[in-house]
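Below is one structure, written out as structure tokens, with a few remarks after it.
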Amino acid sequence: MLSVPTPAGLLAAMPFAAGLGIELKEATAERTVGTLAWSSEVCTAGGALHGGALMALADSVGAVCAYLNLPAGASGTSTVESKTNFLRAVTAGHVHATARPLHLGGTLLVVQTDLRDDRERLVGQTTQTQIVLRKQADAG
């Protein structure tokens, strides 16, 4: 039986996400959830959480969702396109990311990640396309 990776194990494979302070709370093929706490180190001059931090959260949580939906024979994924709409500033608390698959193909996976603040208001939405990577055959 194939073992399912734990959220902690998946996060350990992403040192940038872990270093940024992203926490994975739930990781299943149907839904992956993570959080990022507001901190002054990842803000703009105005005290709002930097868009790059929000995108890193969405990309990381979305990548885990894509990974958990890999088709048979795949070795991993790589982001080929990511689009984020920023809808409101986050100036305190946490951002909660929830990723769900939109399309699960043999070549491309598409994942949508909603970003919400502590009051459950939508602060951003990211749609990312991931290409499915296959193991290269050994050259004889």
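The values are calculated or read from the model by the stated rules, or taken from the named source; none is laboratory data. Just so it is clear, the structure is predicted and the values come from calculations on it, not from any experiment. Because the Cβ atoms are built from the backbone with ideal geometry, glycine has one as well, and the counts that use them run over all protein chains shown. Side chains included, ligands, DNA and RNA excluded: accessible areas come from the protein's heavy atoms. Shrake-Rupley method; radii C 1.70, N 1.55, O 1.52, S 1.80 Å.
Modelled label positions at Glu23 and Leu133, each set 7 Å beyond Cα in the direction of Cβ, lie 2.9 nm from each other. A Gaussian network model of the chain, with springs between Cα atoms under 10 Å, assigns the largest mean-square fluctuation among Thr98, Thr107, Thr77 to Thr107. Each stretch of four or more DSSP H residues adds -39500 (n - 2.57); spread over every residue of the chain, this sum gives -6000 deg cm²/dmol at 222 nm. Relative protection proxy for 6-19, 23-36, from highest mean packing down: 23-36, 6-19 (other beta-carbon atoms within 10 angstrom). Think of the stretch 58-140 as a dipole: +1 on every Lys or Arg Cβ, -1 on every Asp or Glu Cβ, centred on the Cα centre; then among Leu122, Thr79, Ala63, Leu122 lies furthest on the positive end. Here the relative contact order of the stretch 25-74, from alpha carbon pairs under 8 Å that lie six or more residues apart, stands at 42 percent. Translational diffusion of the stretch 7-140, estimated by Stokes-Einstein from the Kirkwood radius over alpha carbon pairs at 25 °C in a medium of 0.890 mPa s, is 163 µm² per second.
Rolling a 1.4 Å probe across the protein heavy atoms gives the chain an accessible surface of 55 Å² per residue. The ellipsoid equivalent to the alpha-carbon distribution of the stretch 76-115 has semi-axes of 26, 10, 9 angstrom, derived from the gyration tensor eigenvalues as √(5λ) and listed largest first. If a spin label sat at a point 7 angstrom from the Cα of Ala45 along the line to its beta carbon, no backbone N atom of the stretch 92-130 would be nearer than 19 Å. Quick check on the stretch 91-140: take the gyration tensor over C-alpha atoms, sort the square-rooted eigenvalues as a ≥ b ≥ c, and tell me if it's rounded (a/c under 1.5), prolate or oblate. It comes out prolate by the Cα gyration axes.
In terms of the mean number of neighbouring beta-carbon atoms within 10 Å, the peptides 61-68, 117-124 order highest first as 61-68, 117-124. Between Ala92 and Glu30, full extension at 0.36 nm per residue minus the direct alpha carbon distance yields a gain of 19.4 nm.
Taking 8 Å as the Cα distance limit and 6 or more residues as the minimum spacing, I'd like the relative contact order of the stretch 81-131 as a percentage. The normalised contact order for the stretch 81-131 reaches 43 percent. Taking the Cα centre of the chain as origin and assigning +1 to Lys and Arg Cβ atoms and -1 to Asp and Glu Cβ atoms, the resulting dipole is close to 200 debye. The long axis of helix 51-67 is offset from the longest Cα principal axis of the chain by roughly 30 degrees. Between Thr6 and Ser75, the FRET efficiency from the beta-carbon distance, with R0 = 22 Å, is close to 0.65. Contact order for the chain, expressed relative to its length and based on alpha carbon pairs under 8 Å spaced 6+ residues apart, stands at 24 percent. Over the stretch 7-140, what percent of the accessible surface lies on carbon and sulfur atoms, probe 1.4 Å? Answer for the stretch 7-140 is 54 percent, counting heavy atoms of protein chains only.
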